[in-house]
1. Tell me whether the range 35-48 contains one or more residues that are within 15 Å of Lys75 (Cβ to Cβ) and not small (Gly, Ala, Ser).
2. Quick one: is Gly28 over 16 Å from Gly9 (Cα atoms), surrounded by fewer than 10 Cβ atoms within 10 Å (Cβ to Cβ) and at pLDDT 95 or above?
3. Is there a residue being touching a residue at least 24 places away in the same chain (Cβ under 8 Å), under 23 Å from Pro2 (Cβ atoms) and not in a strand (DSSP E or B) anywhere in the range 59-70?
4. Looking at (1) more than 18 Å from the chain's Cα centre (by Cα); (2) closer than 30 Å to Lys72 by Cα; (3) not basic (Lys, Arg), find the lone condition where Leu61 falls short.
5. Of (1) charged (D, E, K, R); (2) assigned to a loop (DSSP other than H, G, I, E, B); (3) surrounded by 10 or more Cβ atoms within 10 Å (Cβ to Cβ), Arg77 satisfies all except one. Which?
6. Could you please find all residues in the range 19-36 being assigned to a loop (DSSP other than H, G, I, E, B) and of a type outside the set (Val, Ile, Thr)?
7. Quick check on this structure: which one of Arg39, Arg16, Arg50 is surrounded by 11 or more Cβ atoms within 10 Å (Cβ to Cβ), out of contact with any Cys (no Cβ under 7 Å at 6 or more places or on another chain) and assigned to a strand (DSSP E or B)?
Amino acid sequence: MPRVCAICGKKTAFGRSLARRGRAKHLGGVGIKTTGVTRRKFKANLQKVRVQTADGTVKRLQVCTQCIRSGKITKPRRREKPAAAAASGA
């Protein structure tokens, strides 16, 4: 399963990480130099969540946390305990 949000389509983004050395000029140094550039990944914060679809079925989807927090998904209702189990105290 790819690392893609099932709702908004957010996926892994790529960028660079800069390694720097030196002392800043305003602090009395000769300036900061870039000593290395390496590739890095920004991974989406995906969670496996039970989601109730429009037709009422419940599916387990990988959804990013922004979609969960913004209310783009509806979680299914929790099942209530049967009356017999509740009465016995179990």
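The values are calculated or read from the model by the stated rules, or taken from the named source; none is laboratory data. Just so it is clear, the structure is predicted and the values come from calculations on it, not from any experiment. Positions of Cβ are generated from backbone atoms using ideal geometry, with glycine treated the same way; all protein chains shown enter the neighbour counts.
1. yes
2. When the stated conditions are applied, Gly28 passes them.
3. yes
4. Of (1) more than 18 Å from the chain's Cα centre (by Cα); (2) closer than 30 Å to Lys72 by Cα; (3) not basic (Lys, Arg), only one is false for Leu61: (1).
5. The failed condition is (3).
6. Scanning the range 19-36 gives Gly22, Arg23, Ala24, Gly28, Gly29, Gly31.
7. Answer to the selection: Arg50.
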